[in-house]
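Every read-out reported here was derived from the displayed coordinates using simple, explicitly stated rules and does not represent laboratory data. All values derive from a computational prediction rather than experimental measurement. All Cβ positions, even for glycine, are placed from backbone atoms using ideal geometry, and neighbour counts span all protein chains on display.
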Amino acid sequence: MHSDGQKAPLALKLAAGAGILFLHLPILLIFVYAFTTEEKSYQWPPPGFTTRWLGVAWDRPDVWSALGLSLKVASIATLIALVLGTLAAAAVSRSRFFGREAVSLLVILPIALPGIVTGIALRSAFNLAEIPFSFWTIVLGHATFCVVVVYNNAVARMRRTSGSLIEASYDLGADGFQTFRYVILPNIGTALLAGGMLAFALSFDEVIVTTFTAGQQQTLPIWMLEELVRPRQRPVTNVVAMVVVLVTLLPILAAYWLTRDGDTVAGSGK
Amino acid sequence: MTAAVSFQNVSRHFGTVRAVDDVSLDVRPGEFFAMLGPSGSGKTTCLRLIAGFERPTGGTVSIFGERMDTVPPYRRPVNTVFQDYALFPHLDVLGNVAYGLMVKGVNRATREARAREALALVRLDGFGARRPAQLSGGQRQRVALARALVNEPKVLLLDEPLGALDLKLRESMQEELKLLQRSLGLTFVFVTHDQGEALSMADRVAVFNEGRIVQAGTPEEIYERPATRFVADFVGSSNVLAPPLVESLTGQHRFASLRPEKIVLSGAGAIAGEVRSHAFLGATRRLLVQTPQGALHVTLPSGAALPPVGTSVTLHWSPADLHLMEDAR
């Protein structure tokens, strides 16, 4: 975007720089504190630097169980979201039925609602149905917003995919399954991949809904929250935070890269 | 003889809209059959009823004697050339053409050989590795044609296949399609809103309006003896004479059509009028003549003497060329 070779005024550049610093400096601080020698409080400047917390974190079983749980929850919630989101997108974009717009709105609603509302709603629903809180209640909670992300990506792509492609496939002798395998999937594949990665990332760092739907289990974000309260080996939390940032960032970057030509990754803000 | 495609009292209603309303027709084997009509007249729905994308609300569709009531699109012995071609963007040209054989389980070597043959048939040898996006409109149209023909359908359905092409390309594709149909001996069912296309290509034409077939017959019958005012209006630019005028000429209180090229400006007097305008149409000129009973179009050969605008002329025609017809739409 050029404005006839005119350069942005200095003040604007400074403001933009300040904005970006404000957004990202705190994240850098987390990285710095992961290597501090002081373990009781976050002291600035750090009195010294060490890499021993990497080892300490590696040896803590609670870190591993929280990480394992988060990965499992994120994987299964994403899987559920991929199946349900694709089916919902297919139904909404391919056929007309009574209440189609309502379904479309209801699917998107969990992302518009504050997480705390979703959390309380799910908790009371689980209580009412006398479902004990478990791994699966966390997965269900996460699936509510993961479905939205997959749905939004799939529906945008399906709308761009001409409906006559599917008819052409039927016309040429392909049944429903073959049409899905050879025509629909190749056309919405990258959208599903992008949606799935975003869903995974969202689930992986989710706190609020998890707080309400988890029993005794601790997902990684919940574990971190509790660690912050306890003044013991604080930098371990930072080491783990660093890992979370990387684990979350990579799929989001990949999703961005996969869908960069033209179509937006809708619904990425939870 | 079994009809290639047979409709018996077929209807297709969408809610209260009667897209197809009690249509019966027979397409003969090996025939080039055109379904002609304005948009929304039900012709495309009829095509989709043959392909199986629509199910009739009432009546029966049969293909070569077999009832298609419960047969899904992918088990029907027909293939379609879609209006927007519907080529698969993620496959190359060869992959597109071989798709039908691929889903039927034909091995790779065979299906690619047959796909190449089909591409040669539509004069696209050597285009196999290209993507649909890299082709021109005319080339895409040929790929769509090859993709349908490679499956050896009993009936080929064409949904306004020339609609997106420019005039020059249309004309050459019209001839090519006709030749292809002749040499393959295949039944073509062709949907178009272009009466010129329908008349020049088809063996028989069915004129649709408001979900019904208004008239079916050879192009000559449709053109020379339109059954109703609608047909006369829609097929070619005919003069439609109102009942009072026709009554004064023939004694019958009916509508009648009179082709502009059947009117001459010499001979014993019939109707007097004044020339209002000229239009140059290449081989012919079209005059608009205002008579006390209404305006009439007259087509004259370009070489003929041209009465200037504003002069009075008398219009003549042979009584046999005045074709009486129904008032119905």
Most exposed first by the Cβ proxy, i.e. fewest other Cβ within 10 Å, how do B:261, A:206, B:160, A:130 rank?
A:130, B:261, B:160, A:206
Let's test the formula: R0 of 60 Å, r as the Cβ-Cβ distance of residue B:92 and residue B:311. What FRET efficiency results, to the nearest 0.05?
0.40
About the Cα centre of the range A:60-258, what is the dipole size in debye to 20, counting +1 per Lys and Arg Cβ and -1 per Asp and Glu Cβ, all else neutral?
200 debye
Dipole magnitude (debye, nearest 20) for the range B:188-301, charges at Cβ of Lys, Arg, Asp, Glu:
240 debye
In square nanometres, what is one fourth of the surface area of the convex hull spanned by the alpha carbons of chain B?
20.2 nm²
Name the long-range amide H neighbours of residue B:228: under 5 Å, sequence gap of 5 or more, or other chain; modelled H, no Pro or chain starts.
B:326
Give me the three principal axis extents of the range B:86-200 from the C-alpha atoms, as integers in angstrom, largest value leading.
42, 30, 20
With point charges of +1 on the Cβ of Lys and Arg and -1 on the Cβ of Asp and Glu, referenced to the Cα centre of chain B, which listed residue (B:255, B:206, B:82) lies farthest in the positive direction of the dipole?
B:82
Partner shielding of B:91-101, as the mean number of partner chain Cβ atoms within 10 Å, equals 2
In debye to the nearest 20, the charge dipole size for chain B, taken about the Cα centre with +1 at each Lys and Arg Cβ and -1 at each Asp and Glu Cβ, equals 960 debye
Going through the cross-link list A:72/B:104; B:43/B:178; B:168/B:262, which pairs have a Cα-Cα distance over 32 Å in this structure?
A:72/B:104
If I model a spin label at residue A:127 and residue A:16 as a point 7 Å from the Cα along the Cα→Cβ vector, what separation in nanometres do I get?
5.1 nm
When A:101, B:171 are ranked with the fewest other C-beta atoms within 10 Å first, the list becomes A:101, B:171
For the range B:309-322, Karplus-derived ³J(HN,Hα) couplings (6.51, -1.76, 1.60; θ = phi - 60°; whole Hz; x for glycine and proline) come out as 4, x, 7, 8, 9, 10, 9, 10, 7, 6, x, 5, 7, 7
What net charge do the residues around residue A:73 carry, taking every other residue with its C-beta under 13 Å from that of residue A:73, with Lys and Arg at +1 and Asp and Glu at -1?
-1
Built amide H within the under 5 Å cut-off of residue B:263, gap 5+
B:299
Expected vector for the range A:176-189, Karplus 3J(HN,Hα) from phi with 6.51, -1.76, 1.60 and θ = phi - 60°, integer Hz, x for Gly and Pro, equals x, 5, 4, 5, 5, 5, 9, 10, 5, 4, x, 7, 10, x
When the expected Rg is taken as 2.2 N^0.38 Å, what fraction or multiple of it is the alpha-carbon Rg of the protein assembly as shown?
1.42
Simple spin-label model, 7 Å along Cα-to-Cβ: residue A:71 to residue A:27 in nm?
2.2 nm
Using +1 at the Cβ of each Lys and Arg and -1 at the Cβ of each Asp and Glu in the range A:17-133, identify which of A:27, A:125, A:87 lies farthest towards the dipole's positive end.
A:87
In whole Hz, what ³J(HN,Hα) sequence does the range B:59-74 give by Karplus (6.51, -1.76, 1.60; θ = phi - 60°), x for Gly and Pro?
x, 10, 9, 10, 10, 6, x, 8, 5, 9, 3, 10, 8, x, x, 7
Label-point separation, residue A:160 to residue A:113 (7 Å along Cα→Cβ), nm:
3.1 nm
Would you compute, from DSSP H runs of 4+ residues alone, the mean residue ellipticity of the protein assembly as shown at 222 nm, taking -39500 (n - 2.57) per run and dividing by the full residue count, rounded to the nearest 500?
-15000 deg cm²/dmol
Interchain or sequence-distant (5+) residues whose placed amide H lies within less than 5 Å of the amide H of residue B:164 are none
Kyte-Doolittle mean at least -1.0 and Cα extent at least 24 Å along the axis: which DSSP H helices of chain B qualify?
B:167-184
Just want to confirm a number: the relative contact order over the range A:95-228, from Cα pairs under 8 angstrom separated by 6+ residues, in percent.
38 percent
Can you grab the distance from the C-alpha centre of the range B:177-226 to the C-alpha centre of the range A:92-167, Å, no decimals?
50 Å
Local electrostatic count at residue A:103 - Lys and Arg +1, Asp and Glu -1, tallied over other residues with Cβ under 14 Å
+2
Inter-centroid distance (Cα atoms) of the range B:139-158 relative to the range B:6-61, Å
21 Å
